[in-house]
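Notes for the one structure printed next.
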Amino acid sequence: MSARGAAARSVAVVGSVNLDVVVTADRRAGAGETVAGRDLAEVVGGKGANQALAAAREVDTALVASLGTDAAGGAARADLSRAGVDVQAVSPSSKPTGRAFITLTPDGENSIVVVPLANADLTGDRVFAALESLRPTVVLCQLEVPLDAVYRAAEWCASRDARFLLNPSPMIVFDPHVLSSADPLIVNRHEAELLSGLRGAGVTDLARHLSLVSRSVVVTDGPRGAVVALDDTVELVPAPVVMAVDTTGAGDAFAGVLAGRLALGDSLHHATARAVDVASRIVQLARSER
């Protein structure tokens, strides 16, 4: 166990692992249009892997995932392990490793298409058994894996008094009852609008509304920072002014750092402030520089 945290202070990320195929282009293509790309890179990604890598820089972190036995899966497993992520609960799948196809434009924004593949083999029973073995104090989930895996992670947290963090991205239809377990629910402004039904509302109102259905809420708002809602209190955590180069993975880094700092005992406000600072630094760097 590293000096970053004792065994009783650890994170498990339940999520996806992908090979990210990143194309840099001057602009994103419209419907039926072809545009020329300027650069191509292949890197390990997936919301689960990204969040685990970020959390592992703060505290001991394990990843619960399903990964292909192909070359991409072997490379991903090795990269995660070298970065300090515990991969003992990453199970093999006969399907190819998941893929994400990312178009990155000069303004730092991106569009992404994700193909689950091996990620679809992560079952709820496998997740529950892995968490029972790992015994983390904080569990972080997203929605790039089967929903039953997320529900069983929430169930395990409730049965073991562990903290359940939910980042419902990509936004798909899921059982809203799982929101009541989230502490915090981590969403961006767009996701908060979809969950609350409050189109065009201010980020503070979105956070306050969602705090009625979750134990706590963090709404990220891009370059403006984040808003934290907890116990009838809503606070802004501002972000520094930076020049964005690539926003890919910034939200995942935010969630992973937040989970890590909460596992170390930070308050939600201070954990969010740390996560905002890290995400702000990341967007200033190209993927190859991170």
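The values are calculated or read from the model by the stated rules, or taken from the named source; none is laboratory data. For clarity, every value in this text was computed on a predicted model and none was experimentally measured. Positions of Cβ are backbone-derived with ideal geometry, glycine not excepted, and every protein chain shown enters the neighbour counts.
Pick from Asp107, Asp175, Asp161, Asp121: which is more than 29 Å from Ala229 (Cα to Cα), among the charged types (D, E, K, R), surrounded by fewer than 18 Cβ atoms within 10 Å (Cβ to Cβ) and more than 18 Å from the chain's Cα centre (by Cα)?
Of the residues listed, the single one that is more than 29 Å from Ala229 (Cα to Cα), among the charged types (D, E, K, R), surrounded by fewer than 18 Cβ atoms within 10 Å (Cβ to Cβ) and more than 18 Å from the chain's Cα centre (by Cα) is Asp107.
Name the pairs whose Cβ atoms lie under 8 Å apart, with the first residue in the range 58-72 and free of Cβ contacts under 8 Å to residues at least 40 places away in the same chain, the second surrounded by fewer than 24 Cβ atoms within 10 Å (Cβ to Cβ) and in a loop (DSSP other than H, G, I, E, B), and 6 or more positions between them or separate chains?
Thr69/Ser94; Asp70/Pro96
Looking at Val150, Val127, Val145, can you tell me which residue is aliphatic (A, V, I, L, M), in contact (Cβ under 8 Å) with a residue 60 or more places away in the chain and in a loop (DSSP other than H, G, I, E, B)?
Numbers: Val150 fails: in a loop (DSSP other than H, G, I, E, B); Val127 fails: in a loop (DSSP other than H, G, I, E, B).
Answer to the selection: Val145.
Here are Val276, Val257, Val178: which of them is within 25 Å of Thr137 (Cα to Cα), touching a Leu at 6+ places or on another chain (Cβ under 8 Å) and not polar (S, T, N, Q)? Please lay out each step first, then the result.
Values: Val276 fails: touching a Leu at 6+ places or on another chain (Cβ under 8 Å); Val257 fails: touching a Leu at 6+ places or on another chain (Cβ under 8 Å).
Just one listed residue meets the conditions, Val178.
Quick check on my filter: what residues within the range 130-148 are closer than 16 Å to Ser16 by Cα and of a type in the set (D, E, K, R)?
Once the filter is applied, which keeps residues that are closer than 16 Å to Ser16 by Cα and of a type in the set (D, E, K, R), the range 130-148 yields Glu144, Asp148.
If the requirement is being without any contact (Cβ under 8 Å) to a residue 40 or more places away in the chain, out of contact with any Phe, Trp or Tyr (no Cβ under 8 Å at 6 or more places or on another chain), within 30 Å of Val43 (Cβ to Cβ) and part of a helix (DSSP H, G or I), which of these qualifies: Leu206, Leu194? Break it down into steps so the answer makes sense when it comes.
Numbers: Leu206 fails: within 30 Å of Val43 (Cβ to Cβ).
On inspection, the qualifying residue turns out to be Leu194.
Filter the range 231-251 down to residues that are acidic (Asp, Glu) and at pLDDT below 95 and give me whichever is nearest to Ser16 (Cα to Cα). Walk me through it before giving the result.
Kept after step one, since they are acidic (Asp, Glu), are these residues of the range 231-251: 231-232, 235, 246.
Restricting the remaining residues to those that are at pLDDT below 95 gives 231-232, 246.
Details: Asp231: 32, Asp232: 33, Asp246: 21 Å.
Checked the range 231-251; the qualifying residue nearest to Ser16 (Cα to Cα) is Asp246.
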